[in-house]
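The values are calculated or read from the model by the stated rules, or taken from the named source; none is laboratory data. Not measured: the values here are computed from a predicted model. Quick reminder, even Gly has a Cβ in these numbers, built from the backbone with ideal geometry, and neighbours come from all protein chains shown.
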Amino acid sequence: MSKGRKLSVRFKPCQTREQFGMNSKGVQQATESAPGDGALESTQIHDVLRNDRRRLVLERLRERDGTETVRDLAEHIASVESGESPPPRNIRQSVYVSLHQTHLPKLDDLGIVAYDANAKEVTLAEHADEVTVYLEIVPKYGLSWGEYYLGLGLLGLLVLIAERFGVPVVSAVDAAVLGGAFFALIVVSAVYHITTQQSSLFHRLKDR
């Protein structure tokens with residue numbers, strides 16, 4: 001280097017943890033970004049629903065008008081898994097840790113829930129309807145809507161067959177009247193089903 005020549009050195013700004021994709025412990029990690037304004041991909045929905053705990057979280061939030069604490073979610077899921085109420089402490093603790101560290105952050109990243117890690121509160125978010133539309137909450141010893149419609153269809157078929165073979169009482173009613181009655185019952189049931197299903201197409205269009 002010749003005498004009197006100045007050396008120019010430029011420094012690049014240091015990347016922050018967030019820019020480099022590090023977690024709070026300084027370990028680099030791959031982050032799963034939310035789909036933004038677009039809809040969730042089918043693979044993402046499948047991945048969410050194939051896990052029992054994530055599915056139970058979404059079912060519970062629907063039952064509780066969209067908001068629940070992590071502690072209550074853990075209590076509920078532990079009761080379902082153990083079949084005991086209250087559930088054993090070790091199972092409840094295991095569920096709590098997995099929700100806090102894995103499942104809720106994943107759902108939050110996808111925009112399905114909003115998870116407040118400080119307040120330990122979970123709320124259904126923007127993309128929740130895209131997932132919960134595939135869920136159907138069935139009370140214990142109750143019927144799913146699929147089972148209800150199947151039973152209604154079979155009953156209608158049996159009644160029409162009975163009318164055709166002249167079974168007393170049933171044969172006294174015209175087949176068109178019987179068919180119309182069952183058709184009306186199906187329509188009324190479908191209307192009730194749609195209006196009570198918060199994630200139906202009707203509700204999604206109304207909320208736009």
For this session: Output the number of residues of segment 71-89 satisfying the condition of being in contact with a helix residue (DSSP H, G or I) (Cβ under 7 Å, 6 or more places away or on another chain) and among the acidic types (Asp, Glu).
Result: 2
Exercise. Do you know which of the residues in segment 172-208 that are at pLDDT below 60, surrounded by 11 or more Cβ atoms within 10 Å (Cβ to Cβ) and not polar (S, T, N, Q) is farthest from the chain's Cα centre (by Cα)?
Worked result: PHE202
For this session: Consider ARG54 carefully, then state whether it is of a type in the set (Lys, Arg), in the same structural domain as TYR115 (by TED's automatic domain parsing), surrounded by 18 or more Cβ atoms within 10 Å (Cβ to Cβ) and closer than 23 Å to ALA117 by Cβ.
Result: yes
For this session: Report whether or not LEU158 is more than 28 Å from GLN44 (Cβ to Cβ), touching a helix residue (DSSP H, G or I) at 6+ places or on another chain (Cβ under 7 Å) and surrounded by fewer than 15 Cβ atoms within 10 Å (Cβ to Cβ).
Result: no
For this session: Working only within segment 73-95, note down all residues that are among the hydroxyl-bearing types (Ser, Thr, Tyr) and within 14 Å of ARG60 (Cβ to Cβ).
Result: SER79
Exercise. Looking at GLY151, is it modelled with pLDDT under 95 and more than 22 Å from GLN44 (Cβ to Cβ)?
Worked result: yes
Problem set entry | Residues that are under 17 Å from GLN101 (Cα atoms) and free of Cβ contacts under 8 Å to residues at least 40 places away in the same chain, drawn from segment 48-63 | ASP52, LEU56
Exercise. Just wondering, is there one or more residues in segment 83-90 that are in contact with a strand residue (DSSP E or B) (Cβ under 8 Å, 6 or more places away or on another chain) and surrounded by fewer than 16 Cβ atoms within 10 Å (Cβ to Cβ)?
Worked result: no
